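Undergrad: Here it is: the structure, laid out below.
The values are calculated or read from the model by the stated rules, or taken from the named source; none is laboratory data. No experiment lies behind these values; they were computed from the predicted model shown. Note that we place each Cβ from the backbone using ideal geometry, even for glycine, and neighbour counts take in every protein chain shown.
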Amino acid sequence: MKKVIFAFIAVTLFVWDANAQRRTPASAQLSNFGIRGGASFFNWGGDDGSNNDYTNRAGFHAGIYGNMFVTDNFAIEPGAYYSQKGTAADNFADSRTVLSYVDVPILLRFYASDGFNIFAGLQGSILVDSKFEGDAFGSTFEWERDDINDLDAGLVFGLGYNLPVGLNVQGSYDLGLTPVFKNSDAEVYNRGFKVSLGYSF
């Protein structure tokens, strides 16, 4: 399903680029800031030492970013986003761990053209909420989790495209490098895709 979504986005952007008549060159945008948000699809990678069948959990992310060109083709982009992560389990209760973070990425973008760009960078994340949820016997239950690490660190990389009139879209992958659990033998990490729409002012 994710491959179909990204293929559709790629084709759409190609057609848009072929028909767009006017746009501001990337290198002319010396600096700007904007807002960005979208859908997130996260799971846990690694090994927790059990046979749990984890599946992707859908959530959202939203926040702000700054973009500053250091050459005609390279830009540095810090940002701050509220981001939902976690995982779901395929069991009788449809249980899920819902983790909320403030993500602070620092990205380096390379603009291959005025539209397409690739990016990669480091990301630090601060845990703001963690809970366990499930559905059973016609009702939803939940409780807070206190076994989650307060800080997460990882890498971010992806593809972006600048549309006319300040809009931009991107697809990215978060590769968490800090174990989700503290004081545990379970070596699992936050891993997931984000599909985002942004607007630069």
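Undergrad: Are any residues in the range 143-157 in a strand (DSSP E or B) and surrounded by fewer than 13 Cβ atoms within 10 Å (Cβ to Cβ), and if so, which ones?
TA: Selection gives Trp143, Glu144, Leu151, Ala153.
Undergrad: Okay, next question. Sort through Leu107, Leu122, Leu177 and tell me the only one that's in contact (Cβ under 8 Å) with a residue 40 or more places away in the chain and within 15 Å of the chain's Cα centre (by Cα).
TA: Details: Leu122 fails: in contact (Cβ under 8 Å) with a residue 40 or more places away in the chain; Leu177 fails: in contact (Cβ under 8 Å) with a residue 40 or more places away in the chain.
The conditions single out Leu107.
Undergrad: Confirm whether Ala136 is among the aliphatic types (A, V, I, L, M) and surrounded by fewer than 17 Cβ atoms within 10 Å (Cβ to Cβ).
TA: yes
Undergrad: Related question: Answer yes or no: is there a residue in the range 111-133 that is outside any helix (DSSP H, G or I), among the aromatic types (Phe, Trp, Tyr) and more than 30 Å from Phe69 (Cα to Cα).
TA: yes
Undergrad: Any idea which of (1) free of Cβ contacts under 8 Å to residues at least 60 places away in the same chain; (2) of a type in the set (S, T, N, Q); (3) within 27 Å of Phe119 (Cα to Cα) is the one Asn183 doesn't satisfy?
TA: Unmet for Asn183, out of (1) free of Cβ contacts under 8 Å to residues at least 60 places away in the same chain; (2) of a type in the set (S, T, N, Q); (3) within 27 Å of Phe119 (Cα to Cα): (3).
Undergrad: Output the residues belonging to the range 158-183 that are more than 16 Å from His61 (Cβ to Cβ) and either assigned to a strand (DSSP E or B) or in contact with a Gly (Cβ under 8 Å, 6 or more places away or on another chain) (or both).
TA: Of everything in the range 158-183, those that are more than 16 Å from His61 (Cβ to Cβ) and either assigned to a strand (DSSP E or B) or in contact with a Gly (Cβ under 8 Å, 6 or more places away or on another chain) (or both) turn out to be Leu159, Tyr161, Asn162, Leu163, Gly166, Leu167, Leu177, Thr178, Pro179, Phe181.
Undergrad: Taking Phe201, is it aromatic (Phe, Trp, Tyr), in contact with a helix residue (DSSP H, G or I) (Cβ under 8 Å, 6 or more places away or on another chain) and either within 16 Å of Asp103 (Cα to Cα) or surrounded by fewer than 18 Cβ atoms within 10 Å (Cβ to Cβ) (or both)?
TA: Here the answer is yes, as Phe201 does meet what is asked.
Undergrad: If I filter the range 161-190 down to residues being surrounded by fewer than 20 Cβ atoms within 10 Å (Cβ to Cβ) and more than 30 Å from Ala88 (Cβ to Cβ), which single residue comes out as modelled with the highest pLDDT?
TA: Across the range 161-190, the extreme among qualifying residues is Leu167.
For (1) of a type in the set (Ser, Thr, Tyr); (2) within 20 Å of Gly46 (Cβ to Cβ), each residue gets a yes or a no:
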site	(1), (2)
Tyr82	yes, no
Gly124	no, yes
Gly158	no, no
Tyr173	yes, yes
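Undergrad: Filter the range 66-87 for residues that are surrounded by 20 or more Cβ atoms within 10 Å (Cβ to Cβ) and out of contact with any Leu (no Cβ under 7 Å at 6 or more places or on another chain); which is farthest from Phe119 (Cα to Cα)?
TA: Looking at the filtered set, the residue picked out is Thr87.
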